[in-house]
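A quick write-up on the structure given underneath.
The values are calculated or read from the model by the stated rules, or taken from the named source; none is laboratory data. All of these numbers come straight from a predicted model, not from anything done at the bench. We place every Cβ from the backbone using ideal geometry, glycine too, and count neighbours over all the protein chains shown. These area figures cover heavy atoms from the full protein model, side chains too; ligands, DNA and RNA do not enter into them. Shrake-Rupley method; radii C 1.70, N 1.55, O 1.52, S 1.80 Å.
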Amino acid sequence: MKKNIIFDIGGIFFDDRNQKITEKYGISTAQKRKILSENSFHDCLLGNIRVKDYIEKFHGTEYYAFAKEALSPDNYQNSLPPIREVIELVPKLGKYNLYLLSNNIPESAEYLYSLVPKKYFAGHIFSFEEHLMKPDPAIYKLLLERYNLEPDECIFFDDRERNVLAARKLGIDSIIVSEPAVILEYFRDENLPD
């Protein structure tokens, strides 16, 4: 029986595709990935550089306005719109232990907790705190060890296939979340409170 629910954050609680902003600046998803990867956004995710310093790497380039608007915490309501259906589900999941496992930055963790109070979660593992990132097996093992979790008692929701596959290799049932309905469907027959 599953008693531990593990959630990623981006693509689960908020839409991290920056669709409105990429359209505004005429930047494709592929271009966005290239811009972020070439400028080492991974350093932010690993806690090696602050987001405001990362944004400044773009100063004087054609991507500065885009980076500032897409990554500035002051603009998260626009750049990372909340996924209300999932946020509203969390308080109804009281019979489960909820955990977060996410490649993220301090600002997006704070943003999440402004949407869903921290009290609903039994624990978290964030890449910026641990200097590890999914799909590295070490980050999943850290979650299991830190919170004494048995893999077969867990279900993991993530929007990236490579992260789901890595969790499955460790015996954690995992579901790729392509849209919020995937999570809602999983809990459909749970008789959750209104």
### Query
How many residues does the stretch 15-24 contain that are open to solvent by less than 10 Å² (accessible area, probe 1.4 Å) and modelled with pLDDT of 90 or more?
0
### Message
For a quick check of your reading: which helices (runs of 4 or more DSSP H) sit entirely within the stretch 62-126 and have at least 1 residues that are among the aromatic types (Phe, Trp, Tyr) and more than 17 Å from Thr22 (Cα to Cα)?
### Response
106-115
### Task
Answer yes if at least one residue in the stretch 77-88 is at negative phi, surrounded by 15 or more Cβ atoms within 10 Å (Cβ to Cβ) and touching a Gly at 6+ places or on another chain (Cβ under 9 Å), and no otherwise.
yes
### Message
Residue pairs, Cβ under 7 Å, 6 or more apart or interchain, first in the stretch 136-157 and more than 20 Å from Ile9 (Cβ to Cβ), second of a type in the set (Lys, Arg). List them.
### Response
Glu153/Lys2; Glu153/Lys3
### Message
Going residue by residue through the stretch 57-66, is there one that turns out to be touching a helix residue (DSSP H, G or I) at 6+ places or on another chain (Cβ under 6 Å) and surrounded by fewer than 17 Cβ atoms within 10 Å (Cβ to Cβ)?
### Response
no
### Checking Lys118 against (1) more than 26 Å from Ala70 (Cα to Cα); (2) free of Cβ contacts under 8 Å to residues at least 12 places away in the same chain, the condition it does not meet
(1)
### Query
Of the numbered conditions (1) in contact with a Cys (Cβ under 7 Å, 6 or more places away or on another chain); (2) open to solvent by 50 Å² or more (accessible area, probe 1.4 Å), Pro73 satisfies every one except a single condition; which is it?
(1)
### Query
Residue check, Asn48 against (1) under 19 Å from Ile139 (Cβ atoms); (2) open to solvent by less than 40 Å² (accessible area, probe 1.4 Å), all met but one. Which one?
(2)
### Task
Could you tell me which of the residues Asp194, Asp173 is surrounded by fewer than 20 Cβ atoms within 10 Å (Cβ to Cβ), out of contact with any Pro (no Cβ under 6 Å at 6 or more places or on another chain), at pLDDT 95 or above and more than 16 Å from Gly11 (Cβ to Cβ)?
Asp173
### Summary
Pairing a residue in the stretch 32-61 that is under 20 Å from Gln19 (Cβ atoms) with any residue that is part of a loop (DSSP other than H, G, I, E, B) and of a type in the set (Ser, Thr, Tyr), where Cβ atoms lie under 6 Å and the two sit 6 or more apart in sequence or on different chains, gives Ile35/Tyr63
### Summary
Among residues of the stretch 132-167 being within 15 Å of Lys3 (Cβ to Cβ) and assigned to a helix (DSSP H, G or I), the residue least open to solvent (accessible area, probe 1.4 Å) is Leu143
### Task
Assess whether Arg50 counts as being charged (D, E, K, R) and either within 30 Å of Arg188 (Cβ to Cβ) or modelled with pLDDT of 90 or more (or both).
yes
